[in-house]
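Student: There's a structure below that I have some questions on.
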Amino acid sequence: MAMGNIKGAICLVCLLCFFSCKKSTPDTYTKFKSYRIGYELASAIPSIQLSDGSFITATLDEHGACLIIRLDAKGNKVWERNISESSLHPTCLTATTDGNFVLSGYNTVSRSSLFATMYSPGNDSLWHVDYDFQPGNANNMAACNAADGNILFSIGASSNDMANPATFILKVNRADGSLQYMKPLQGIPDSVRFQPLSMVARNNAVYITGSYFVAQQMGPLLNGSSCTVATNENGDSLWQVTKPPVLNDVVAGIYNIGESIACSADAGSVVAGYVSGPFGYRALNILPNSINQVCGADIVLEAYDAATGYRSDTASFTFEDQSSLTIIKNATDGGYILAATDNFFLANENSTTHIALAKTDAHFNVNWQRTINLPDASTMPLGIFPVDNGYVIIAYVISDPKNDGSYSDLVFLKTDMNGNLVDGN
């Protein structure tokens with residue numbers, strides 16, 4: 001009888017262990033580093049990687065104060081810098097070819113002034129320059145390094161003057177920030193207001209992705225879509241691909257968000273990503289607390305011939321929930337790695353979001369897809385970076401989308417080559 005009880009107990013323990021193993025999930029929270037920002041973010045800027053392997057990210061609070069944070073290659077915070085000048089609204093970070101980085105944006109008082117500030121990895125301000133933006137109403141900026149090592153910017157204006165160009169390209173000297181030229185971007189219809197979100201320069205051409213809307217709509221009705229533009233450094237159009245606009249009762253369309261552009265290693269193709277869906281919010285600066293931030297269900301990648309703009313490959317990815325905020329980078333094997341927000345939440349409602357990952361080959365054949373679950377309410381990736389033996393993801397987490405709290409977190413994650421979370425040390 002005793003032996004039977006022992007056997008029964010052993011069987012019970014085995015069953016409990018079996019069901020426990022079936023239901024348990026890895027404690028992912030121990031596998032990343034988290035830093036409390038101290039306020040709930042108003043917006044954030046896609047992160048960059050410096051030439052020494054460290055990372056720079058920047059966030060803004062509701063009063064316009066900017067917090068720049070540098071993380072080393074293992075995710076340890078090296079320094080942080082507060083910029084309390086409320087009239088400056090940064091929109092992009094750029095890693096320069098000499099190992100420094102540039103923070104740039106527009107002046108919120110007049111919106112006819114742009115600025116750029118170069119910093120060293122050691123947190124020294126090297127130069128600051130303001131630029132007169134004659135069209136005014138500056139709305140968004142993207143930046144990249146030119147072939148000669150200087151810096152290129154593309155700027156979109158929100159002016160309703162349909163007779164004047166609204167998107168410009170600037171080139172500034174890397175050494176001192178002096179303006180070399182500012183020219184309108186050609187080839188975009190006057191009726192379209194194009195907002196650059198990312199850009200890259202290859203082989204004397206510049207490729208820009210962004211969102212646009214047709215400005216003649218009245219009230220809250222806007223036609224919105226996404227656009228990829230190829231130009232030279234002088235703003236002369238080479239080709240342009242636009243998605244058909246979609247009309248909705250909020251702000252509608254298919255949008256490029258964040259760093260949604262990549263170039264193949266041989267610069268033979270340009271890859272743009274967008275979110276396909278029936279309606280959405282035009283999230284130019286990744287604004288977590290704005291109204292109606294739901295975007296569609298699928299992430300779409302499209303590759304275009306770099307010289308002609310003809311589409312060569314396309315793919316669509318469906319994750320667990322609605323997806324948004326596509327970030328694309330070239331992988332080291334010639335394919336592509338993308339990160340997105342899975343289940344983009346409605347503002348002022350509790351919801352749980354995840355980070356969606358996908359790895360493809362050069363023709364968008366899927367190698368793997370992953371979903372990373374984090375313990376807080378709203379998670380949005382700011383950057384994904386191929387590193388030795390895996391990928392680094394930098395994201396921020398908003399724990400309280402109802403605005404009852406006053407904090408958010410910056411998180412640093414590392415995966416292996418298959419997208420599985422690993423310890424970052």
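Student: In the range 407-421, what residues are among the charged types (D, E, K, R) and in a loop (DSSP other than H, G, I, E, B)? Steps first, please.
Tutor: First, pick out the residues of the range 407-421 that are among the charged types (D, E, K, R): 409, 414, 416.
Asp416 - this is the single residue of the range 407-421 that is among the charged types (D, E, K, R) and in a loop (DSSP other than H, G, I, E, B).
Student: Shifting gears a bit: Give all pairs with beta carbons closer than 9 Å in which a residue from the range 160-175 that is farther than 18 Å from Asn140 by Cβ meets a residue that is at pLDDT below 80 and of a type in the set (A, V, I, L, M, F, W, C); count only pairs at least 6 apart in sequence or on separate chains.
Tutor: Taking only residues 6 or more apart or on different chains, the pairs are Met162/Ala215.
Student: Of the conditions (1) open to solvent by 10 Å² or more (accessible area, probe 1.4 Å); (2) modelled with pLDDT of 90 or more; (3) over 23 Å from Asp298 (Cα atoms), Gly424 clears all except one; give me its number.
Tutor: Evaluating Gly424 over (1) open to solvent by 10 Å² or more (accessible area, probe 1.4 Å); (2) modelled with pLDDT of 90 or more; (3) over 23 Å from Asp298 (Cα atoms) leaves (2) as the failure.
Student: For the range 259-269, indicate whether the set of residues that are modelled with pLDDT of 75 or more, over 26 Å from Asn145 (Cα atoms), among the acidic types (Asp, Glu) and open to solvent by 20 Å² or more (accessible area, probe 1.4 Å) is non-empty.
Tutor: Checking the range 259-269: not a single residue is modelled with pLDDT of 75 or more, over 26 Å from Asn145 (Cα atoms), among the acidic types (Asp, Glu) and open to solvent by 20 Å² or more (accessible area, probe 1.4 Å).
Student: Just a yes or no: is a residue in the range 347-358 over 23 Å from Ala267 (Cβ atoms), surrounded by 14 or more Cβ atoms within 10 Å (Cβ to Cβ), of a type outside the set (A, V, I, L, M, F, W, C) and at pLDDT 85 or above?
Tutor: no
Student: Another question, then. Take the conditions of a type in the set (D, E, K, R), over 21 Å from the mean Cα position of the chain (by Cα) and not in a loop (DSSP other than H, G, I, E, B) and apply them to Asp148. Does it pass? I'd like the intermediate steps shown before the answer.
Tutor: Values: of a type in the set (D, E, K, R): yes; over 21 Å from the mean Cα position of the chain (by Cα): yes; not in a loop (DSSP other than H, G, I, E, B): no.
Against the criterion (of a type in the set (D, E, K, R), over 21 Å from the mean Cα position of the chain (by Cα) and not in a loop (DSSP other than H, G, I, E, B)), Asp148 does not qualify.
Student: Exactly one of these conditions fails for Gly105: (1) farther than 30 Å from Asp423 by Cα; (2) part of a loop (DSSP other than H, G, I, E, B). Give me its number.
Tutor: Among (1) farther than 30 Å from Asp423 by Cα; (2) part of a loop (DSSP other than H, G, I, E, B), Gly105 violates only (2).
Student: From the list Asp132, Asp176, which residue is among the acidic types (Asp, Glu), modelled with pLDDT of 80 or more and closer than 18 Å to Leu103 by Cβ? Show your work before the answer.
Tutor: Working: Asp132 fails: closer than 18 Å to Leu103 by Cβ.
Every option except Asp176 fails the conditions.
Student: Let me ask something else. Inside the range 28-83, counting only strands (runs of 3 or more DSSP E) that do not spill past its ends, which hold 1 or more residues that are modelled with pLDDT of 80 or more, acidic (Asp, Glu) and under 17 Å from Val392 (Cα atoms)?
Tutor: Values: elements: 32-36, 43-49, 55-60, 66-71, 77-83.
Counting at least 1 such residues, we get no strands (runs of 3 or more DSSP E) at all.
Student: Test Thr108 against the stated conditions and say whether it is open to solvent by 10 Å² or more (accessible area, probe 1.4 Å), among the β-branched types (Val, Ile, Thr) and at pLDDT 90 or above.
Tutor: Values: open to solvent by 10 Å² or more (accessible area, probe 1.4 Å): yes; among the β-branched types (Val, Ile, Thr): yes; at pLDDT 90 or above: no.
It is false that Thr108 is open to solvent by 10 Å² or more (accessible area, probe 1.4 Å), among the β-branched types (Val, Ile, Thr) and at pLDDT 90 or above.
The values are calculated or read from the model by the stated rules, or taken from the named source; none is laboratory data. What you are looking at is a predicted structure, and each value in this text was computed from that prediction instead of being measured. FYI the Cβ positions are ideal-geometry reconstructions off the backbone, even for glycines, and counts take in every protein chain you see. Note: areas computed on protein heavy atoms with side chains; ligands, DNA, RNA excluded. Shrake-Rupley method; radii C 1.70, N 1.55, O 1.52, S 1.80 Å.
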